Structures are given as structure tokens and as C-alpha cells.
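Written below as C-alpha cells is the structure these notes are about.
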Amino acid sequence: MDKYEKVKKIGEGSFGKAILVKSKDDGHQYVIKEIGISGMSSKERQESRKEVAVLASMSHPNIVQYKESFEEGGCLYIVMDYCEGGDLLKKINSQKGVLFSEEQILDWFVQICLALKHVHDRKILHRDIKSQNIFLTKDGTVQLGDFGIARVLNRYAHCCLNSPAVFH
Ligand code: ADP
Ligand code: MG
């Protein structure tokens, strides 16, 4: 963590915290997900490390860009690009009922389809697609993120594995 300066906490989930930081190396802002792994079973620890491997294996304009990861003081840290526009659920709520244009929705929809194609081509299932896990960059691009419960498909994963559908 010495390479990064903490700016503020921007999210908290079951996993731990999402922290906005500034890199001392390049001066850019990044988001670090801090996952407490010391109290976990070794199986859970492996799952957390898998999120890192899944994210690191992807590179696409519509997927949150992974930078690096490290383990320190019982925590796993995942460094990724900061999406300045926040998540899509926050964006929807800030509209206060004002509808987005059809053109805007289609534009986002196509970008998410492109991201999913990239994910599925690598035999990975995201399993948690929802507005809270879709992020907006400052130039209006949308990016799929939060691969926390993603699964790598193998020959045994032939049945339905998914979280309850939540539509926002
Ligand atoms: P979880 O859903 O497991 O709590 P997320 O990765 O979805 O973890 O992060 C939680 C929240 O933190 C997001 O909904 C978002 O508000 C914020 N966040 C996470 N990553 C980023 C990012 N790269 N850029 C901007 N905000 C982020
Ligand atoms: Mg999430």
C-alpha cells in the first residue's frame, strides 16, 4: 500500500472496502478493493484469489481495467482503474425519475454485450450482472466490473449457477 495514497472510501460490500487512491508512481487515481483474507478458510482464500486471476486475464474497453494485486497484513488488494462516473445504479437514482433516451440505453446495452462476449469467449461466467456492477468512465463509456463471484467454466459446470435476478 506504500505506493498509493488513500483519497476516500467509495464502497463497502460483503468482501470489504473499495477505496479511491492516488498512485505515488504515476499520479493517477485508482480503486483498490481491500479483501480481508486472514479470517477466511483456505477454500475462501482461493476463491478471492480467483477474482484476481479472472480480472487480470481480461483486457477490453468495456471491462474495468485491472492494474495489479498484492497481499499485505492479512488483506488481498486488487488495484484497478477508477471509473469516475460511479456505478450505473447511482446514475439511475440521480436521475430522480427522469428517463434516459432510447439512444443512450441502446449505446450502454451494446457496450455491455461487447464486454460479455469478451468474458464468455474466455469461458468465464460473471454471474452478478446488475447496474451496481456496471461502471461509467468520465468519457461516457460503460465498463463491466466486480468479478467477485465469477466462475471459470470447466467441464463440470454444466448446470445453472446464478444469483437471484435483481433488476434496478
Ligand atoms: P461488491 O459489490 O462486492 O461490494 P464492487 O466491486 O461492486 O464490490 O464495489 C462496490 C462499490 O464500490 C461499487 O458498487 C461502486 O460504487 C464502487 N466501486 C468499485 N469499483 C469501482 C471502480 N473501479 N470505479 C468506481 N467505483 C467503484
Ligand atoms: Mg458489486
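The values are calculated or read from the model by the stated rules, or taken from the named source; none is laboratory data. Here the structure is a predicted model, which means the values were calculated and not measured. For neighbour counting, all protein chains shown are included, and Cβ atoms are generated from backbone atoms with ideal geometry for every residue, glycine included.
The figures follow:
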quantity: Filter result for Asp107 (within 16 Å of Gly140 (Cβ to Cβ) and under 14 Å from the mean Cα position of the chain (by Cα)); calculated: no
quantity: Residue count for the stretch 1-44, restricted to those that are over 18 Å from Gly86 (Cα atoms) and among the basic types (Lys, Arg); calculated: 3
quantity: Check on Glu44, more than 26 Å from Asp139 (Cα to Cα), acidic (Asp, Glu) and within 15 Å of ligand 2 (Cβ to nearest atom); calculated: no
quantity: Test: residue in the stretch 90-104 that is within 21 Å of Phe135 (Cβ to Cβ), without any contact (Cβ under 8 Å) to a residue 60 or more places away in the chain, within 16 Å of ligand 1 (Cβ to nearest atom) and surrounded by 15 or more Cβ atoms within 10 Å (Cβ to Cβ); calculated: yes
quantity: Any hit, the stretch 9-27, residues being in contact with a Leu (Cβ under 8 Å, 6 or more places away or on another chain) and not polar (S, T, N, Q); calculated: yes
quantity: From Glu51, Glu34, residue being in contact with a Cys (Cβ under 9 Å, 6 or more places away or on another chain) and in contact (Cβ under 8 Å) with a residue 40 or more places away in the chain; calculated: Glu34
quantity: Residue that is among the hydroxyl-bearing types (Ser, Thr, Tyr) and surrounded by fewer than 17 Cβ atoms within 10 Å (Cβ to Cβ), where the choices are Ser41, Ser48; calculated: Ser41
quantity: Tally, over the stretch 114-129, of residues that are farther than 14 Å from Val54 by Cα and more than 11 Å from the chain's Cα centre (by Cα); calculated: 2
quantity: Residue list for the stretch 78-112, filter: part of a helix (DSSP H, G or I), out of contact with any helix residue (DSSP H, G or I) (no Cβ under 8 Å at 6 or more places or on another chain), away from ligand 2 (no atom under 16 Å from the Cβ) and not hydroxyl-bearing (Ser, Thr, Tyr); calculated: Glu102, Glu103, Gln104, Ile105, Leu106, Asp107, Phe109, Val110, Gln111
quantity: Only listed residue being at pLDDT 95 or above and within 23 Å of Ser14 (Cβ to Cβ), chosen from Ile112, Ile105, Ile134; calculated: Ile134
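So that you can scan it fast, the table gives a plain yes or no per residue for (1) modelled with pLDDT under 95; (2) more than 9 Å from ligand 1 (Cβ to nearest atom); (3) under 19 Å from Gln143 (Cα atoms):
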position: Glu5; (1), (2), (3): no, yes, no
position: Gly11; (1), (2), (3): yes, no, yes
position: Ser14; (1), (2), (3): yes, no, no
position: Leu20; (1), (2), (3): no, no, yes
position: Ser23; (1), (2), (3): no, yes, no
position: Asp26; (1), (2), (3): no, yes, no
position: Tyr30; (1), (2), (3): no, no, yes
position: Lys33; (1), (2), (3): yes, no, yes
position: Met40; (1), (2), (3): yes, yes, no
